[in-house]
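The values are calculated or read from the model by the stated rules, or taken from the named source; none is laboratory data. This is a predicted model, so every value here is computed, not measured. Here Cβ is always computed from backbone atoms with ideal geometry, including for glycine, and neighbour counts include all displayed protein chains. Calculation scope for accessible area: heavy atoms of the full protein, side chains included, ligands and nucleic acids excluded. Shrake-Rupley method; radii C 1.70, N 1.55, O 1.52, S 1.80 Å.
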Amino acid sequence: MGLAKYKIKELITVVYEKNDNGIRDFYGININKEFMLTVANTNDLDEKKYKVVRKGRFVYSGMQTGRDECIRLSMYTKDKPIVVSPAYITFEVTKTDKIVPLYFFIYFLSTEKDRLGWFYSDGSVRANLDWDIFGDIEIQLPSIEIQKKYVNIYTAMVANQQSYERGLEDLKLSIDASIEKFKHNEKRIPLGEMIEESDIRNIDGDILVVHGVNKDKEFMPSVASGADLSRYKIVRKGQFACNLMHVGRDVAVPIALHKEDKPIIVSPAYFVFNLIDDSVLSEYAMMWLSRSETDRYAWFLSDTNVRSGMEKKRFCEIEIPIPDIQKQKALVEMYKVYIERRSINEKLKQQIKNLCPILIKGSLEEASA
């Protein structure tokens with residue numbers, strides 16, 4: 001049957017649909033080629049300036065392709081329309097007699113194509129992949145019949161992953177419902193009454209690996225080049241560490257619970273503490289402090305700080321509802337299952353993405369046979 005060669009611009013048409021319907025679901029696309037809800041404050045945004053994205057439509061951003069080694073491109077597959085920044089380019093695959101739209105998307109779900117984008121962006125001062133250059137990229141296509149065959153394989157894999165994800169969402173709803181019940185029915189205790197600050201320094205310099213805490217509430221290795229590590233604070237198993245300096249800016253409290261036996265060190269600017277109330281499980285407290293509602297409340301409390309930081313005193317004013325220990329244990333176990341399944345779901349999505357180049361290669365080889 002052979003292969004046909006086309007430039008991308010021969011297969012697509014730019015679509016600019018104005019947002020005249022008042023849609024306020026603001027989205028962007030990440031380096032994983034996924035749509036993500038905009039995290040910034042959108043209250044004052046003029047939605048009429050944003051572009052509408054409907055099911056089957058693509059969104060493209062050529063910005064910083066060279067820096068990220070990624071072509072930011074995604075295909076919207078949900079029924080409810082959304083809007084994206086006017087800086088994005090929105091288009092549709094219109095030569096559907098030459099290429100299946102989903103096959104076009106699968107084609108770009110590979111690190112090989114991302115490296116190609118990085119190569120073509122080399123001539124841009126800002127490492128961008130300009131739209132005209134993207135449009136001139138040539139791709140080889142098998143017949144529509146072969147494309148559909150491999151698209152069906154991809155669709156079946158995604159359907160299985162999404163089925164698993166729906167079960168994950170149901171579990172999360174159960175956890176959230178329990179937390180809401182505790183919030184309204186259990187006694188609330190200020191954080192300051194159940195914790196004790198720990199300020200033990202790395203005086204002997206025995207611990208050399210520095211950690212920070214990200215907005216996902218996880219410890220991560222950090223760079224402390226040239227710093228005096230003897231001043232850094234030690235965090236032991238069961239202790240918390242949090243960075244209160246940019247709570248207002250990030251609308252989040254970067255806080256994490258250290259669960260490993262080996263102690264770590266964090267910046268002297270971090271607040272390190274441990275629980276002293278035996279009626280509260282550390283994992284339960286961490287669950288409460290991980291809620292987006294808690295982050296927003298912390299942002300509110302940090303409003304008086306010029307640098308968007310949060311005073312330690314205000315942080316300790318955060319109240320946590322405390323059910324009996326058995327209820328805490330049950331919820332913590334449920335949350336552990338949720339975290340484990342969430343990790344499995346992410347691995348499933350990555351496996352599907354890793355299989356996409358194999359599907360494309362298989363379709364090209366079948367067409368060439």
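Okay, here's what the table says:
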| read-out | value |
| --- | --- |
| Looking only at region 35-62, and only at residues there that are of a type in the set (Lys, Arg) and open to solvent by 90 Å² or more (accessible area, probe 1.4 Å), the one that is farthest from residue 108 (Cα to Cα) | 48 |
| Test: residue in region 26-44 that is in a loop (DSSP other than H, G, I, E, B), more than 25 Å from residue 249 (Cα to Cα) and either of a type in the set (Phe, Trp, Tyr) or over 18 Å from the mean Cα position of the chain (by Cα) (or both) | no |
| Total residues in region 79-135, condition closer than 26 Å to residue 24 by Cα, among the β-branched types (Val, Ile, Thr) and in contact (Cβ under 8 Å) with a residue 60 or more places away in the chain | 4 |
| Qualifying residue in region 70-87 (condition: part of a helix (DSSP H, G or I), of a type in the set (Val, Ile, Thr) and either closer than 25 Å to residue 156 by Cα or open to solvent by 80 Å² or more (accessible area, probe 1.4 Å) (or both)) | no |
| Flag for residue 183 being within 27 Å of residue 312 (Cα to Cα), in a helix (DSSP H, G or I) and either touching a residue at least 24 places away in the same chain (Cβ under 8 Å) or basic (Lys, Arg) (or both) | yes |
| Within region 316-369, considering residues that are among the acidic types (Asp, Glu) and more than 28 Å from residue 300 (Cβ to Cβ), the one least open to solvent (accessible area, probe 1.4 Å) | 366 |
| Residues of region 191-216 classified as assigned to a loop (DSSP other than H, G, I, E, B) and crowded, with 18+ Cβ neighbours inside 10 Å, total | 2 |
| From 198, 143, 163, residue being at pLDDT 95 or above, of a type outside the set (Phe, Trp, Tyr) and within 20 Å of residue 335 (Cα to Cα) | 163 |
| Failed condition for residue 272, given (1) in contact with a strand residue (DSSP E or B) (Cβ under 7 Å, 6 or more places away or on another chain); (2) in contact (Cβ under 8 Å) with a residue 60 or more places away in the chain; (3) open to solvent by 20 Å² or more (accessible area, probe 1.4 Å) | (3) |
| Of the criteria (1) open to solvent by less than 70 Å² (accessible area, probe 1.4 Å); (2) among the hydroxyl-bearing types (Ser, Thr, Tyr); (3) closer than 29 Å to residue 77 by Cα, which one residue 164 fails | (1) |
| Residue check, residue 146 assigned to a helix (DSSP H, G or I) and more than 24 Å from residue 69 (Cβ to Cβ) | yes |
| Qualifying positions in region 146-155 - open to solvent by less than 60 Å² (accessible area, probe 1.4 Å) and either within 24 Å of the chain's Cα centre (by Cα) or under 24 Å from residue 330 (Cβ atoms) (or both) | 154 |
| Among the candidates 265, 255, residue that is β-branched (Val, Ile, Thr), open to solvent by less than 20 Å² (accessible area, probe 1.4 Å), under 20 Å from residue 297 (Cα atoms) and touching a helix residue (DSSP H, G or I) at 6+ places or on another chain (Cβ under 8 Å) | 255 |
| Residue in region 225-244 that is crowded, with 18+ Cβ neighbours inside 10 Å, hydrophobic (A, V, I, L, M, F, W, C) and assigned to a loop (DSSP other than H, G, I, E, B) present | yes |
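Residue-wise test of (1) farther than 24 Å from residue 141 by Cα; (2) part of a loop (DSSP other than H, G, I, E, B).
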{"position": "2", "(1), (2)": "no, yes"}
{"position": "24", "(1), (2)": "yes, yes"}
{"position": "48", "(1), (2)": "yes, no"}
{"position": "104", "(1), (2)": "no, no"}
{"position": "112", "(1), (2)": "no, no"}
